[in-house]
Amino acid sequence: MSETIGRPVRVSSFSFYGKPIDEIANLVDEEGAKGTDIIVLPESWPDSEVHDLNAPPITRMAELAKKHNTYVVSPIYRKDGDSVYNTAVLLDRQGQVAFMYDKAYPCYEWDQFPNLKPGKDAPVYKADFGVIGFAICFDTNFPIVFDSMAAQGAELILWPSAYSAGTTLQSHALVNHFYIVSSTLGNDCLVFDINGEKILDESTPGVNITRITLDLDRGIYHSNWNTEQKEKLLAEHPDDVMEERWMPRESWSILKAKRPGVSARALAREYGLEELRDYKKRSLNTVDQRRGFKLPQVD
């Protein structure tokens, strides 16, 4: 039986600007040796040049991902034929390119790369520790990117960027109930909890490396139609699950496992509790059906 409680993922976020590949590779090597599940580098971290997937920013990180059995996110300006994309490249624990997210809403890059193309969607990736999604820098201004990932079950969003964003990131965590971890060119890292609260805000000159372990088994539940089920669950499994926090103004409960081998989210489902994100989605669809149409998007 696993000795870990919940479903922990160890995240290491690098934030820096203008550092050579060799220096960052050495630091990633050191970080990987300490043990982590995923290392995140900032937006277009190596430089403002265009690279393909055989270039050093990918191949060097791929070697380190395999060496330390960890995922690495290495964002680059990626060449694809005659087009350029602002891409977060995810390397898996074997050092293979497992997933790519192309920035859906580029901004200033148009001036530098006339052939820059925006990404077509906001997919998610099922890693061995949970479901992760990506957004890049200016994407934070467009809720549709984050809403799409939430609809696909994203549990952790990784956000490489040129700047910090702050409360705009917080709003997405609050509304969609997933963790968000940033990695910026501004030497700082922010981490937001599934209820939108900031749980880490760290900045160090030079190269900032932040480490945090997040439990992807924690879930949020509204009191509507969940109270009796929650009370029964806690009464019958006092050694397995706890109400980590009750938020009376929101009428939200955060449940988490208390011992290894227990999934709080799985037990909650067994007792008929509906997670907040699912409750909101179901309510939206029910009201739209009664109305007969969806509220129009503003163009």
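The values are calculated or read from the model by the stated rules, or taken from the named source; none is laboratory data. Since this is a predicted model, take the numbers as computed values, not measurements. Virtual Cβ from ideal backbone geometry, glycine too; neighbours counted across all protein chains shown. Remember, those area values only see protein heavy atoms, side chains included, never the ligands or the DNA or RNA. Shrake-Rupley method; radii C 1.70, N 1.55, O 1.52, S 1.80 Å.
Some points to look at:
- Highlighted here are the helices (runs of 4 or more DSSP H) found entirely within the range 1-115 that include at least 3 residues which are touching a helix residue (DSSP H, G or I) at 6+ places or on another chain (Cβ under 6 Å): 21-34, 56-68.
- Pick from the range 192-204, criterion under 9 Å from residue 173 (Cβ atoms) and in contact (Cβ under 8 Å) with a residue 40 or more places away in the chain, ranking: surrounded by the most Cβ atoms within 10 Å (Cβ to Cβ): 194
- Enumeration of residues in the range 196-247 that are basic (Lys, Arg) and either touching a strand residue (DSSP E or B) at 6+ places or on another chain (Cβ under 8 Å) or closer than 30 Å to residue 18 by Cβ (or both): 198, 211, 218, 230, 245
- Any chance residue 55 is more than 18 Å from residue 106 (Cβ to Cβ), of a type in the set (Gly, Ala, Ser) and open to solvent by 40 Å² or more (accessible area, probe 1.4 Å): no
So that you can scan it fast, the table gives a plain yes or no per residue for (1) open to solvent by 80 Å² or more (accessible area, probe 1.4 Å); (2) part of a loop (DSSP other than H, G, I, E, B); (3) under 30 Å from residue 39 (Cβ atoms):
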residue: 224; (1), (2), (3): no, yes, no
residue: 232; (1), (2), (3): yes, no, no
residue: 242; (1), (2), (3): no, no, no
residue: 253; (1), (2), (3): no, no, no
residue: 294; (1), (2), (3): yes, yes, no
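- Flag if residue 264 is more than 23 Å from the chain's Cα centre (by Cα), on the phi < 0 side of the Ramachandran plot and modelled with pLDDT of 95 or more: no
- Looking only at the range 162-190, and only at residues there that are in contact with a helix residue (DSSP H, G or I) (Cβ under 9 Å, 6 or more places away or on another chain) and of a type in the set (Val, Ile, Thr), the one that is nearest to residue 150 (Cα to Cα): 175
- Options 124, 73, 40: the member that is over 22 Å from residue 186 (Cβ atoms) and in contact (Cβ under 8 Å) with a residue 24 or more places away in the chain: 124
- Residue within the range 266-281 that is under 30 Å from residue 165 (Cβ atoms), of a type in the set (Gly, Ala, Ser), touching a residue at least 24 places away in the same chain (Cβ under 8 Å) and crowded, with 16+ Cβ neighbours inside 10 Å present: no
- Taking the criterion of being in contact (Cβ under 8 Å) with a residue 24 or more places away in the chain and open to solvent by 70 Å² or more (accessible area, probe 1.4 Å), the residues of the range 5-22 that qualify are 5, 7, 10, 17.
- Condition check for residue 164: in a loop (DSSP other than H, G, I, E, B) and either of a type in the set (Lys, Arg) or open to solvent by 10 Å² or more (accessible area, probe 1.4 Å) (or both): yes
- Verdict on residue 129 being part of a loop (DSSP other than H, G, I, E, B), touching a strand residue (DSSP E or B) at 6+ places or on another chain (Cβ under 6 Å) and aromatic (Phe, Trp, Tyr): yes
- Being among the charged types (D, E, K, R), open to solvent by 40 Å² or more (accessible area, probe 1.4 Å) and either modelled with pLDDT of 95 or more or farther than 28 Å from residue 114 by Cα (or both) is a condition met by at least one residue of the range 30-43.
- Hits in the range 87-123 - residues which are out of contact with any Ser or Thr (no Cβ under 7 Å at 6 or more places or on another chain), closer than 30 Å to residue 6 by Cα and surrounded by fewer than 23 Cβ atoms within 10 Å (Cβ to Cβ): 92, 94, 95, 96, 97, 98, 99, 123
- Counting only residues that are surrounded by fewer than 19 Cβ atoms within 10 Å (Cβ to Cβ), closer than 18 Å to residue 216 by Cβ and out of contact with any Phe, Trp or Tyr (no Cβ under 9 Å at 6 or more places or on another chain), the range 130-152 holds 2 of them.
- Subset tally (residues that are assigned to a loop (DSSP other than H, G, I, E, B) and open to solvent by 60 Å² or more (accessible area, probe 1.4 Å)) for the range 205-222: 1
- Flag if residue 189 is at positive phi and open to solvent by less than 20 Å² (accessible area, probe 1.4 Å): no
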